[in-house]
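**Q** Just passing along the structure, written as structure tokens.
Just so you know, all these numbers are worked out from the coordinates, no wet-lab data involved. Just so it is clear, the structure is predicted and the values come from calculations on it, not from any experiment. With ideal geometry, Cβ positions are generated from the backbone for all residues, glycine too; neighbour counts draw on all protein chains shown.
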């Protein structure tokens, strides 16, 4: 009898195992998880939804900055390894980029490494965080390269079967808004400060700035289509990628400039459907960013309640124990979603340090506030990897998440790389990864009709992709 019971139990166990074992595309995925080349091939070919956390300036690879500088006659500061604009007398004592790098591969390598995280190794007094943020002061291009930047980023996405890009981009800030409002005193009262800005030179110039920004977007998108040969038989992969933009005020500037640029973005979103949201950028651990964090949230709250609801995604909780005083870890994500009206959170790495974080997780899950996860960025800037990263915490709480690139050019990665990293570092199943890629469309800041159209197209692409297995 024991023999027969053992056989029966074995048959039942085998049947249950067969019933739950992955089949088809899921089985193929499980079989190649530990094979980097096979996994790369699989994920690169796999349809993908959206890359929702992507800074246009940081998405461009160093080689492209160099190429454009060479073509446009820009200068190289060989001491700082930085691009400089010529003046009326040309480059003066500096060489042109073309002359400096002509047949000088060692110097070219140094510039590439200064513009990125390539081969970077932290050393005493200089961390990955320092290196990453320092790159942005040294890269530069003529304004006419806006469209070239969009073309490069869209085509890289298209080559990986990405459906949609939201590119964070700064317009009008440094050349117009900052010098105009830097001296304006702010009180911390969002309503009073709004009146101060709008009753001054900024408010008077705002319509002209919006008109100019929209014209610049028209020019850039036409240039993108030209470079990618869209609407021709030779159209490149980037032509099929839907592109939208997010305004990005720089949170380390004077409060008046941050507020004015946020107001600018608010109006731009109202007038141009290509700008679909706003997001505060720059190091969250910066002294000014920390000091003014609550004021920034109050500014967003005032605009949201009094000047029309807009889509908001916020860098919040891109912090860690040791980087800042522990008190700074307690409420940034909470205040971003409950005061700043963020529909999505970028990074959110310090969630477990937030006061009553389990209640906050439930709030985010119940209100479907998505987290944009940037694994390579979290590693390079904060040295957070594996189980230290809260990806599993968010998943267990039912908070929607999606993988994104952050600054793929500076980090020298692409979205496929982030999917691979997520798969191998967190043992994601095919279904889990697929759900994340759909989240890249479900939580996109586009109208319902466009979202439904993109999701339907993604359904069809997955059906065709999965039919191969």
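**Q** Could you put 291, 330, 344, 251 in order, starting from the residue whose Cβ has the fewest other Cβ atoms within 10 Å? Could the numbers behind the result be given before it?
**A** Numbers: 291 10, 330 15, 344 28, 251 24.
Least crowded to most crowded, the residues run 291, 330, 251, 344.
**Q** Fewest first, what order do 184, 71 take by the number of other Cβ atoms within 10 Å?
**A** Least crowded to most crowded, the residues run 71, 184.
**Q** Still on this structure, I have one more. Could you tell me what percent of the DSSP beta bridges with both partners in the chain are antiparallel, to the nearest 5?
**A** Rounded to the nearest five, the antiparallel share is 20 percent.
**Q** Okay, next question. Sum -39500 (n - 2.57) across every DSSP H segment of at least 4 residues in the chain, then divide by the residue count to get the 222 nm mean residue ellipticity, nearest 500.
**A** Taken over the chain, the calculation gives -15500 deg cm²/dmol.
**Q** So what's the angle, to the nearest 10 degrees on a 0 to 90 scale, between helix 357-366 and the longest Cα principal axis of the chain?
**A** 80 degrees
**Q** Which angle from 0 to 90°, rounded to the nearest 10, does the C-alpha axis of helix 430-442 make with the longest principal axis of the chain?
**A** Here the helix axis deviates by roughly 30 degrees.
**Q** Sticking with this structure for a sec: Expressed as a whole number of Å, what is the distance separating the alpha-carbon centroids of the range 335-364 and the range 121-178?
**A** After rounding, the separation between the Cα centres reads 26 Å.
**Q** What nm value, rounded to one decimal, do you get for the distance between residue 137 and residue 78 when each label is placed 7 Å out toward the C-beta?
**A** 2.2 nm
**Q** Hey, fewest Cβ within 10 Å first, where do 253, 206 land in order? Mind dumping the intermediate values first?
**A** Values: 253 22, 206 19.
Placing the least packed residue first, the sequence is 206, 253.
**Q** Here is a further query. Compute the length gained on full extension between residue 325 and residue 425: take 0.36 nm times their separation in residues and subtract their Cα-Cα distance, giving the result in nm to one decimal. All intermediate terms of the calculation are to be shown ahead of the outcome.
**A** Working: separation 100, 0.36 × 100 = 36.00 nm, distance 2.89 nm.
Net length gain for the segment: 33.1 nm.
**Q** Relative to the longest principal axis of the chain, what angle (0 to 90°, nearest 10) does the C-alpha long axis of helix 255-271 take?
**A** In the chain, helix 255-271 runs at an angle near 70 degrees to the longest axis.
**Q** So how do 257-267, 397-407, 350-360 stack up, highest first, on mean other-Cβ count within 10 Å?
**A** 257-267, 397-407, 350-360
**Q** Sort 31-41, 276-286 for me by packing, meaning the mean count of neighbouring Cβ atoms within 10 Å per residue, highest on top.
**A** So the order, starting with the most tightly packed, is 276-286, 31-41.
**Q** Return the FRET efficiency for the residue pair residue 466, residue 272: r is the Cβ-Cβ distance, R0 is 56 Å, and the value is rounded to the nearest 0.05.
**A** Taking R0 as 56 Å, the efficiency between residue 466 and residue 272 is 0.90.
**Q** Using just the alpha carbons, could you tell me how many Å³ per residue the convex hull of the chain encloses?
**A** Details: hull volume 90.1 nm³, N = 469.
Dividing the Cα hull volume of the chain by its residue count gives 192 Å³.
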